[in-house]
Structure formats: structure tokens, C-alpha cells
Amino acid sequence: MYNLKILLSLILLSSVSLMAHSSSETDSKQKMAFTVTQLTDNISVLIVNSSGAGNIAILTGEDGVIMIDDTLPPLADDLKAAIKQVTDKPVDFIINTHVHGDHLGNNELFAKDGTWVIGHEKIRTRLLNKEEEVSEHMLPVITFSDQMTFHLNNHTAKVIHTPASHTDGDAFIHYEEANIIHTGDLMFNYLFPFIDIASGGNIDNYIAAQKQMLSLSDDKTQIIPGHGPMATKADLQASIALLEGSKAIINALIKQGLTEDEIVKKNPLQKYHDAWNWRFITTERMTRQMVKGLL
């Protein structure tokens, strides 16, 4: 009887332990910051499970590993775990699409491990000009002014600068053979875009950048936006329509002599609210940034 009690106790304890382990695994999966999806045999995308940080692409192969952007520092552990789902090799190159911290926040972490950080020359300039001191490991060590091309792992990956659009140091990446475009923050998929005027952003140039990417797209193009789910050519066209429509509406009110607050009070972009409003760029904030950018 004594032995039977011990056996029953052990079974019960094991069951509780397994349940706790299973629950812990479930919670861990739910908390993971990224969903990893393989787009081709050696290109994968890490889509952020909330719209607060930037999406990431990884190209792997015998020639090396190239990663596009590296997200926020608090997501570093999740990023490393997601990379391990794609490759067991170290990251050789990181390409920063622009200067914002949700896209280059882990430069230092990877650079200290030997990763080469690449970005437009204005990214490096803006980081160096910050009021607070920036670690040298945060800085791109390879910079370009117009575009550069990688010929690695049987892919041609063109890194193309678009002048003064989301910021003044933006680039998108076009994987030619794979028919994939990583837009950086030149596209927010069904989210009002952030046009950082203080960092050199410009509404007309943002639209021009989207049209440039559109010219490289067809109905089979896989588009990785800076924020939001995977996109298509049709989604990019919808984003252009949003911006051109918003610009026309706001310009008309500016021509009437209305102030920024008077325009906001009219809620002129209400028709876009349900499809595009989100916590960072609300309909009101979208209206204000359009007014500031068009005045």
C-alpha cells in the first residue's frame, strides 16, 4: 500500500510537471515577437507579431547570411531565436533600411559579433549627429550614396536609395531573381505611414518611392513592408491611392486658408480610418503630418 501511494504520488507529480511544461511552451510561443516564413529556398521573412517594430528579411547560403534590419533591443532574444529557425550560421551583413531604432536597434549587438553593418551615408551622419553619444558599433561601417548590389547565394540583391522620402536615408532592397522587395518603411501595409519630416521625409518623394517600387513589381511580386503583413502589388497600389487621395483632400483645405487645428477638427481623412488607423499613426496624426508636410 505504501509503495502504491508513492507510485500514485509520482504519477500525479509527473502529470502536473508535464502540464506546466506544456503551458510554459505555449506561453513562450505566444510571446514570440516574430513569425518566420520561408519565401524561397533561401530567403525568409520575420514578420513582427505586432506593428510596433520592423519586419526583417534573411538571405542564407554558402556565400554568407544577409539580414535586412535588426529591430528593437528588447526583441533581441526573440530575433536570435527566429534567426536560428532559418540558419545556424552567423549573420555576415546587416543592411539598415533607414535610421529609426526599430530597424537598427540591434546593430551594436551584431557588430560586436563580427557582423558588417551597411546603410546609406545619411544614416551614419544622423547617428553621429545625435545629441547623445552613439556607440561606434551602432554605425554602418559600409555606406553608399545611390545604390549598391550584392551578388551572393545565386541572388542579385539591389539596395536602392530613395531621396528624402520616409527619412533622408531610406533604401529598399530588390531581390531580382526572386521577385521580392523589402520596402523598409517606404511601405506600411494597411497602416497609415509615418513620414518623418523632421528627419528629412517628404510626402511627394514618399509617393515617388512607392511608384518606383511599383515599377519593379508584378502580380507575383512578394513585398515585405516595413510594418504590417506581407503585401502584393495591389496593396502597394492601395497605399499610393491612400497617399494621393489624402494629399488632395488636405491640399484643398490648406488652399481655403484653414489652420492645422481647423483641418484636424474637420476630420477630413475619416473615410480611411477603419482600414488604415493604428496606434502609432492615428487618423489625427496622419492628418497633422500631411498638413505639416504640405504647408
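For this structure, a couple of remarks:
- Selected from A157, A248, A178 as most flexible by GNM, with the chain as the system and alpha-carbon contacts under 10 Å: A248
- Within segment 30-244, percent of DSSP bridges classed antiparallel, to nearest 5: 70 percent
- Label corresponding to mean projected area of the Cα convex hull in nm² when calculated from the structure given, among [x] 16.9; [y] 20.9; [z] 13.9: [y]
No lab work stands behind these numbers, since they all come straight from the coordinates. Everything numeric here is computed off the predicted structure, so don't read it as measured data.
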